[in-house]
Amino acid sequence: MASPTKRQRPIRLRTSSAPSSIAPALTPNKARNEACGPPSNEAREPPRAQAKRGSRKRPPAITLAAAACLAIAAFGACMGGPRQGARTQAGDDAYALIEQLGRVLVRIENDYVDPVDRAKLVSGAIKGMVAELDPHSSYMPPDEFRAFEGDTEGQFGGIGIEVEARNGQLVVLSPIEGSPAERAGIRSGDVIVGVDARDPSAEPFDTLVKHLRGLPGSHVKVSVRRAGAGEPLSFDLVREVIHVTSVSYKLLSHGVAYVRIKQFQEHTHDELLDAAGKLRGRAGGMIAGVILDLRSDPGGLVDQAADVADEFLEEGVLYTARHRGVIVDQVNARGGGAFVHEPCVVLVDQYTASASELVAGALQDHHRATVIGEHTFGKGSVQAIVSLPGGAGMRLTVSRYYTPSGHAIQADGVHPDVAVVREHDDAVVSFREKDLEGHLAAESTSSEAAQPAKRVVVIAADAGTSPDSLGMEAKGVPDDPDYGTDAILKVGWQTLRQLSLRSPPPP
């Protein structure tokens, strides 16, 4: 395998919900762009199993050098005439396709009605090739890759929403807390029907994503269609530099810690440890229980998700990853942790995806937490991210991940222990991994994690939704959720209170 060049970095794994966001991403698989949104090469090695406790090491860098040289050689041959020499049948097929690409390119350059940009044409061909694989693999030209990296680092310029293309529609996964979009009232599930009078159905997704981003202080008009609203809603938003923290928290009554993870970014684990220290300080050192809120969390970096799950578990497998049916990675808990003793519940919904499903599945399988809410998104694939020459980048689906019991999350999701459903729920439109065109198929499983909910709580169709939790302090979350409007949080609160009464105090 070729050594990384200066522009190349070790591959980073993501598990995101697929999306593209205007916010940070998404994933060891969560591709995201903000109006933007998680690599590959011919001689790719699957990610290696991680070793001992300590800092989790990422797989070595993967380069496309060999593949690139092969493609260039073939392309040159096609431009210069037939190549000589023996080939295998498979080689013949591969070379023939590359030669066909060359012929089409030459024909377009010579005969198209207007002059064309060769770089744009070839970049589009590469994009199409990678996009043909699945909804989460993609090639990113330099400007897109820079925006993508900014998302992962938790900072970007725009209006502050995470979006995803679903069945020809541009859907809001989540507004970023404190952003112009959230302050204006844009919600998860809103369908964007206009961006400065542009029709999303008539524009390439990447173009719309770029337009949602822009210089701080500039305006953009966004129109959305919302379930239950008659006419589309319009918002005139001013772009800002969006600084995103991924963890918010609050000490609730009776000494219960509320922790919400909005996505798994570069510093999510550090932010969680900081929150744990402050919560313990406010509680006088003794926390009665933990509510871990993963709703609308689109995923993010796998290593951060594993480190977060590790803070709740003393031992055992956190997840395994398989490449073409072979286990290539198994990550285990390392002992100790910020929340290993306290009773815990995990809140999820249909927008809980990828890395956040990894965490929920690990805690559920080890009976460490009761999972409460809705059946999750079902994004169970891992993308590797690598920088390419010229500043471009690519994310490529390289493996599927599995919960400790062996349950495959892909196109199935995490099944809550306590399902919270609304009356007339059959009228609610659902968007999950299984609804995406070209998604990787689900695997049959009989694992415990895939069993139906142990309890179902039915709430009124007009029951309230999750409150705003602006900033790190989760200010919109009530001290006593029994008196709030968040139905899923209320069920989680009541379940945790029952667990706390039955559990001995932590040592």
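The values are calculated or read from the model by the stated rules, or taken from the named source; none is laboratory data. If you're wondering where the values come from, they're calculated on a predicted model, not measured in any experiment. So basically every Cβ, Gly included, is an ideal-geometry build from the backbone, and we count neighbours across all protein chains shown. To get the accessible areas, we keep the full protein, side chains included, count just its heavy atoms, and leave off ligands, DNA and RNA. Shrake-Rupley method; radii C 1.70, N 1.55, O 1.52, S 1.80 Å.
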Going through Lys454/Lys490; Lys250/Lys379; Lys454/Lys475; Lys379/Lys454 one by one, the pairs whose alpha carbons sit over 21 Å apart turn out to be Lys250/Lys379; Lys454/Lys475; Lys379/Lys454
So Ser218 and Val106, fully extended at 0.36 nm per residue minus their Cα-Cα distance, gain in nm 36.2 nm
Taking Met129, Met394, Met286 and ranking on accessible area (1.4 Å, protein atoms only), highest first, one gets Met129, Met286, Met394
Loop-resident trypsin sites (Lys or Arg not before Pro) in segment 165-268 with no more than 13 other Cβ atoms inside 10 Å, DSSP not H/G/I/E/B, are none
Sorted by chain and then number, the residues having a modelled amide H within less than 5 Å of the amide H of Leu301, at least 5 places away or on another chain, are Thr15, Thr27, Phe264, Gln265
Phi angles of segment 341-352, converted by Karplus (6.51 cos²θ - 1.76 cosθ + 1.60, θ = phi - 60°) into ³J(HN,Hα) in whole Hz with x for Gly and Pro, give 10, 6, x, 8, 10, 10, 9, 9, 8, 5, 9, 6
Any residue on another chain or 5+ positions along whose placed amide H is under 5 Å from the amide H of Ser399 is listed here as Val382
For segment 123-199, the charge dipole (Cβ of Lys, Arg +1; Cβ of Asp, Glu -1; about the Cα centre) points to a positive end, and the Cα of Val163, Thr152, Ile126 closest to that extreme belongs to Val163
Counting only protein heavy atoms and leaving out ligands, DNA and RNA, the solvent-accessible surface of Glu109 at a 1.4 Å probe, in Å² to the nearest 10, equals 60 Å²
Loop-resident trypsin sites (Lys or Arg not before Pro) in segment 299-380 with no more than 14 other Cβ atoms inside 10 Å, DSSP not H/G/I/E/B, are Arg324
The answer for the net charge of residues other than Val171 whose Cβ lies under 9 angstrom from its Cβ, with Lys and Arg +1 and Asp and Glu -1, is -1
Under the Karplus relation with 6.51, -1.76 and 1.60 and θ = phi - 60°, whole-Hz ³J(HN,Hα) for segment 215-230, x at Gly and Pro, equal 5, x, x, 7, 9, 8, 9, 10, 10, 10, 9, 10, 4, x, 9, x
Computed about the Cα centre, the charge dipole of segment 149-273 from +1 Lys/Arg and -1 Asp/Glu charges at the Cβ has a magnitude in debye, to the nearest 20, of 420 debye
From most to least accessible, 1.4 Å probe, no ligand or DNA/RNA atoms counted, Glu144, Glu231 line up as Glu231, Glu144
The long-range amide H neighbours of Val193, using H built 1.01 Å from N in the peptide plane and a cut-off of under 5 Å, are Ser223, Val224, Arg225
